[in-house]
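S.K.: The following block contains the structure, expressed as structure tokens.
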Amino acid sequence: YIAPEEMDAFERSLNPQYIGIGVEMGTRHGQMTVIAPVEESPAARAGILAGDVILYVDGRSTEWMSVLDVDARLVGTPGSVVSLAVRHSDGQEETLEVVRGPVVIHAVKGVCRVAEGGYDYLIDPARGIGYIRVASFRENTAVELDRALSSLTDKGARAIVLDLRFNGGGLLLQA
């Protein structure tokens, strides 16, 4: 069951792209904490880091807000600005103006990022061993997985480690 007020956030969690700032959040010790900024997202470019505590969104305290409430304030129209007061893990507080834009979430990841924006999936070139991590089952997972497998096949991979640890689930057809 998904409550009506949670439906927008749920649908956004399954889509590979949306307009916002791009952070994964959760409450830790009663504080709205960034688990990780999405790679190449507006949040990452603005300097938001894993472990940062979001204190205020557009001047409103996050103290009594749920993750869904904060998430709803971070999405919006492209080019609009959201003001975030954050406390970094070193204790320094900072106000950041983040411009909302396209956030692309890659469900399939490799060993490391490459300059072209994709991933390198070959973990052991000498032995021909590939590594693919499937982080979630979103609308684009099957296509991304096919692309990763093709890349490994083209490079002569003989074995593949398929990492499903910490996969939060998602769309059954993609799984």
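S.K.: Inside the range 84-112, can you point out the residues that are in a strand (DSSP E or B), under 24 Å from S13 (Cβ atoms) and of a type in the set (A, V, I, L, M)?
M.R.: To start, the set of residues in the range 84-112 that are in a strand (DSSP E or B) comprises 84-87, 93-99, 101-104, 108-109, 112.
If we keep only those that are under 24 Å from S13 (Cβ atoms) too, we end up with 84, 86, 96, 98-99, 101-104, 108-109.
Scanning the range 84-112 gives L84, V86, L96, V98, V99, V103, V104, V108.
S.K.: Which one of these does L68 not meet: (1) open to solvent by 30 Å² or more (accessible area, probe 1.4 Å); (2) more than 27 Å from D52 (Cβ to Cβ)?
M.R.: (2)
S.K.: Enumerate the pairs (first residue in the range 155-175 and at positive phi; second residue anywhere and surrounded by 13 or more Cβ atoms within 10 Å (Cβ to Cβ) and part of a loop (DSSP other than H, G, I, E, B)) with beta-carbon separation below 8 Å, excluding pairs fewer than 6 apart on the same chain, so at least 6 apart or on different chains.
M.R.: Pairs that qualify, where the first residue is at positive phi and the partner is surrounded by 13 or more Cβ atoms within 10 Å (Cβ to Cβ) and part of a loop (DSSP other than H, G, I, E, B), are G156/G128; F166/A135; G169/S136; G169/A175; G170/A107; G170/S136; G170/R138.
S.K.: Moving on to the next point. Write out, first by first residue and then by second, each pair whose Cβ atoms fall under 6 Å of each other, whose residues are 6+ apart or on separate chains, and whose first residue, in the range 44-73, is free of Cβ contacts under 8 Å to residues at least 40 places away in the same chain while the second is part of a loop (DSSP other than H, G, I, E, B).
M.R.: Listed by first residue and then by second, the contacts come to G51/S89; D52/H88; I54/T62.
S.K.: What number goes with the only condition from (1) surrounded by 14 or more Cβ atoms within 10 Å (Cβ to Cβ); (2) of a type outside the set (K, R); (3) over 27 Å from G117 (Cβ atoms) that F10 does not pass?
M.R.: Unmet condition: (1).
S.K.: Name, by its number, the condition in (1) of a type in the set (G, A, S); (2) more than 20 Å from the chain's Cα centre (by Cα); (3) within 17 Å of D163 (Cβ to Cβ) that does not hold for S150.
M.R.: Unmet for S150, out of (1) of a type in the set (G, A, S); (2) more than 20 Å from the chain's Cα centre (by Cα); (3) within 17 Å of D163 (Cβ to Cβ): (3).
Yes/no per residue for (1) modelled with pLDDT under 95; (2) open to solvent by 40 Å² or more (accessible area, probe 1.4 Å); (3) not acidic (D, E):
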| residue | (1), (2), (3) |
| --- | --- |
| I129 | no, yes, yes |
| I132 | no, no, yes |
| A135 | yes, no, yes |
| N140 | yes, no, yes |
| A148 | no, no, yes |
| D163 | no, no, no |
| F166 | yes, yes, yes |
| L173 | yes, yes, yes |
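The values are calculated or read from the model by the stated rules, or taken from the named source; none is laboratory data. Being a predicted model, the structure only gives us computed values, none of them experimental. Please note: Cβ atoms are built from the backbone with ideal geometry, for glycine as well, and neighbour counts cover all protein chains shown. For the accessible areas, the whole protein counts, side chains as well, though only heavy atoms, and no ligand, DNA or RNA atoms are used. Shrake-Rupley method; radii C 1.70, N 1.55, O 1.52, S 1.80 Å.
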